[in-house]
Amino acid sequence: MLTEPSAAVVRATLPAVGAAIEEITGLFYEKLFRAHPELLRDLFNRGNQAAGSQRQALAGSIAAFATRLVHRPDERPDVVLGRIAHKHASLGVLPEQYPIVHEHLFAAISEVLGDAVTPEVARAWDEVYWLMANALVAIERRLYAAQGVAAGDVWRAWEVVSRTDATADVAAFVLRPADGDSAPAFRAGQYVSVQVELADGARQIRQYSLTGAPSAATRSIAVKRVPGTDGTPDGEVSQHLHTHVRPGDLLRVSAPYGDLVLEADGAPLLLASAGIGCTPMLAMLDDLAGTGHDAPVTVLHADRSPATHALREDHEALAAKLPDAAVHFWYEQGGAGDRTGLMDLSDVTVAPGTRAYLCGPLPFMRAARGQLLAKGVAAADIHYEVFGPDLWLAAA
Ligand SMILES: Cc1cc2nc3c(=O)[nH]c(=O)nc-3n(C[C@H](O)[C@H](O)[C@H](O)COP(=O)(O)OP(=O)(O)OC[C@H]3O[C@@H](n4cnc5c(N)ncnc54)[C@H](O)[C@@H]3O)c2cc1C
Ligand code: HEM
């Protein structure tokens, strides 16, 4: 909880900090990466840096956290922290890196806001930073302990057992631990980070949702190749995995993390995805099929065409194993026997008390969420995963 004098200062300076926060975080990253180039090369996603989206996510999260602190002082604003902590844990972020981020963030704040940063203002925002940082460190400590690893020690070598082309643009990889151990279980909906060494020596990290059953002896991911468009470069890691990784190769893969996890307690479930967002849904369906889940499950997916719908047969076959599942697939370009156009829930029955999981591009999730709310699904029962920095979180 923020002390009262600091809360008053944060409340008074929030508009000024909020207005300058993108400039502040931009300068912060410049300073951080000048002092620690290895962090940009081997830890941060340089595609996100180039596109500016990570900048917005970090900036947004600090502003959202400070806003919550001053407006709802009695609540622990952990809601915005879980997702960040899971992402940090999947990257192996360490407690001793927080003072480094602090140093460069506060140097950037002073430079952008100048004389407005009196010692009193600096102290108040320092308190916000450390409340957030210490809360993150505490959650991350628990997340490392839950995997039975020392802080940050999340990386292991995994061997590629098989690789199949799920569609022209999606490659599915099955992995097993290179040391011969069995794969530790994960929770359906979670992802792993994968780190690859690129041609220039950078070791870039990206996240991939696990697609197989949580208790399987192997782990599976499905990677969509991201092409460059209108002058933007090809996606670095997805292209690398597509071009270079074959059965027998070793991949550096993190322990599983992610706070979008399936809760199956008998409430009606709704799993709605679009494009490559089907991956966490496949793990959820595999889990439900494996545990003999018999409550109603509505399985929805939208794609460009049946041919671009990755793992479509698995999607259908897993849903078919459930005794009470309704399945609807929408294809923009049409497809025999399925629905045409964008996902439209007007004639889809959504049972009272439904718990929904969404994954896909942000415009798809906004539209799906709006339709679900209109059909009476409680906002708290709509869970989602974003395949990039969470800009929804920033807007929360
Ligand atoms: C929790 C989570 C789960 C995920 N699960 C999956 C999954 O199951 N399957 C899957 O395929 N993906 C998944 N993703 C997405 C995945 O992590 C990667 O983001 C994706 O593979 C693209 O990475 P990349 O390295 O190929 O592209 P990047 O190199 O990161 O590029 C991403 C985009 O940024 C653009 N860009 C790069 N540089 C610039 C520049 N200078 N200017 C402008 N634009 C630029 C690129 O053109 C591209 O469009 C998931 C992401 C998250 C966060
Ligand atoms: C209080 C301090 C911090 C805050 C508020 C913060 C906030 C965030 C947020 C909001 C995200 C995006 C999460 C998502 O939606 O995916 C993120 C990602 C990330 N954070 Fe932090 N973070 C902090 C400290 C740190 C530290 C100390 C490090 C390590 C040096 C770090 C490294 C990263 C990395 C590498 C990512 C992923 C970036 C990407 O893939 O683009 N963060 N952080």
Karplus-derived HN-Hα couplings along segment 29-39 (A = 6.51, B = -1.76, C = 1.60, θ = phi - 60°), whole Hz, x at Gly and Pro: 5, 4, 5, 4, 6, 5, 6, 9, x, 5, 5
Taking 51 Å as R0, compute the FRET efficiency from the Cβ-Cβ separation of Asp265 and Asp153 and round it to 0.05. 0.95
How about Lys224: which lysines have a C-alpha closer than 30 Å to its C-alpha, ignoring those fewer than 8 places off in the same chain? Lys87, Lys321
Within a Cβ distance under 14 Å of Ala202, other residues only, what is the Lys/Arg minus Asp/Glu net charge? 0
Footprinting proxy, Glu385, Glu22, Glu263: sorted fewest to most Cβ within 10 Å, the residues are Glu263, Glu22, Glu385
Using +1 at the C-beta of Lys and Arg and -1 at the C-beta of Asp and Glu, which of Gln147, Gln239, Gly26 has the Cα lying farthest in the positive direction of the dipole of the chain? Gln239
Roughly how tilted is helix 362-374, in degrees to the nearest 10 and between 0 and 90, from the longest Cα axis of the chain? 80 degrees
Relative contact order computed over segment 1-158 (Cα-Cα under 8 Å; 6+ residues apart), in percent: 38 percent
Residues with beta-carbon under 14 Å from that of Thr349, excluding Thr349: net charge, scoring Lys, Arg +1 and Asp, Glu -1? -2
Full extension between Ala168 and Glu96 adds, at 0.36 nm per residue less the Cα distance, a length in nm of 21.6 nm
Ordered by number, the GluC sites (Glu not before Pro) in segment 75-139 that occupy a DSSP loop and have at most 12 other Cβ atoms within 10 Å are Glu75
Between segment 127-148 and segment 205-240, what is the C-alpha centre distance in whole Å? 27 Å
Förster radius 45 Å - calculated FRET efficiency between Ala380 and Ala199, Cβ distance, rounded to 0.05: 0.45
Virtual paramagnetic centre 7 Å along Cα→Cβ of Ala317, amide N under 17 Å, in segment 140-165: 162-165
Using Cα springs under 10 Å in a Gaussian network model of the chain, which residue among Gly335, Gly258, Gly228 shows the largest mean-square fluctuation? Gly228
With charges set only on the Cβ (+1 for Lys and Arg, -1 for Asp and Glu), what does the dipole of the chain come to about its Cα centre, in debye to the nearest 20? 120 debye
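Quick note: the coordinates plus some simple rules give every number you see, no bench work behind them. None of the values given here were measured: they were computed from a predicted structure. With ideal geometry, Cβ positions are generated from the backbone for all residues, glycine too; neighbour counts draw on all protein chains shown.
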